[in-house]
1. When only alpha-carbon atoms count, how far does the stretch 166-276 stretch along each of its three principal axes, as whole angstroms with the largest first?
2. What is the Cα centroid distance between the stretch 134-154 and the stretch 1-46, reported in whole angstrom?
3. Points 7 angstrom from Cα along the Cβ direction at residue 318 and residue 72: gap in nanometres?
4. Give the Rg (one decimal place) followed by the Dmax (whole number) of the stretch 4-65, computed from C-alpha coordinates and expressed in Å.
5. Between residue 199 and residue 228, what FRET efficiency follows from the Cβ-Cβ distance if R0 is 30 Å, with the result rounded to 0.05?
6. Scaled to the compact-protein estimate 2.2 N^0.38 Å, what is the alpha-carbon radius of gyration of the chain, rounded to two decimal places?
7. Expressed in nm², what is the orientationally averaged projection area of the convex hull enclosing the Cα positions of the stretch 230-333?
8. With r as the distance between the Cβ atoms of residue 59 and residue 284 and R0 = 25 Å, compute the FRET efficiency 1/(1 + (r/R0)^6) and round to 0.05.
Ligand code: EPU
């Protein structure tokens, strides 16, 4: 593995924050991991850099995962099992599967980031979560220096959660993910504006490509393109509260936006809570809260990670004082 020193991380994070890595290396295949010169220094594995906020220079080794390759590994009458290298661009992989007519990923179109990050935080959008299509993954145990296979239950998926963000945090490098996709797609169109968008497009017969296109149109209309304005998608998670808490909030705030969950808990729209506190469209220097989606913090140019973080802290505090709800950051703060 070629080792570079003092490398700017600006091109490697979608917030476009200027920080540096003491050491930087690109990982092209699993075999190179045996040569990984770890020592005692901190290690950061980068995929698309789309779910992180860099607040300082990284005094350790950054490994950019660029393990590529898409492979049909197995099929049965109902399903296609397809694996992808962790370094593959997520949306590129989704488009590949859609071009083959395989179903399951269409609602997850245009999510920034890499294949390797998809199970890490159980990415989700428009009524579908990664766990719905996940089959297995291979990951390299950094200390034991060998590959382990994880099934779905091993990953302990939750809302934007997995074992890799909790008890196994920092212990593994994800190498390859296998998805189980439908030969006969099952369409999920009940979320939000998907059906309206399909109507607007004049679609009468649903297909994976039509749904993908509808999702792309909705996302493009609301979410800033990280290639143009730095951001990391939703900065906070939508908070999940008990039904009792929800009823109390609703009594005081009748227009509160909420989604009842199967286990009787209630997911609140963090974007609504933030908007009500007056942050939507706010800008201070180059740090801001997006004008079309209050859950997304943005870097208009040269904001530092600390400035974005400080803004997130102000938002968090104002939501606590107005609603008594403590938002949790979804983005990894580094
Ligand atoms: N809302 C507001 N004001 C806002 C934003 C949202 O009032 O500024 C309310 C609206 O009523 C809206 C509702 O909140 O109908 C839900 O908003 P939206 O459909 O945009 O979704 P979200 O809950 O804000 C989540 C995910 C997104 C995902 C969308 C669509 C989280 C943390 N975020 O956002 O994921 O794309 O649903 O499924 O769960 C991400 O994780 O980075 C991400 C972008």
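Bear in mind these aren't lab numbers, they're just calculated from the coordinates by the rules spelled out. Quick caveat: nothing in here was measured; it's all calculated off a predicted structure. A quick note on method: Cβ atoms are made from the backbone with ideal geometry, for glycine too, and the neighbour counts reach across all protein chains shown.
1. In descending order, the Cα extents are 46, 44, 35 Å.
2. Here the two parts' Cα centres lie 21 Å apart.
3. Inter-label distance under the simple model: 5.2 nm.
4. Just the Cα atoms of the stretch 4-65 yield Rg and Dmax of 11.3, 32 Å.
5. Details: r = 29 Å, r/R0 = 0.95.
So the FRET efficiency works out to roughly 0.55.
6. Details: Rg = 20.3 Å, N = 334, 2.2 N^0.38 = 20.0 Å.
Here the answer is 1.01, to two decimals.
7. Details: hull surface 25.8 nm².
Average projection, Cα convex hull of the stretch 230-333: 6.4 nm².
8. The pair residue 284/residue 59 has a calculated efficiency of 0.30.
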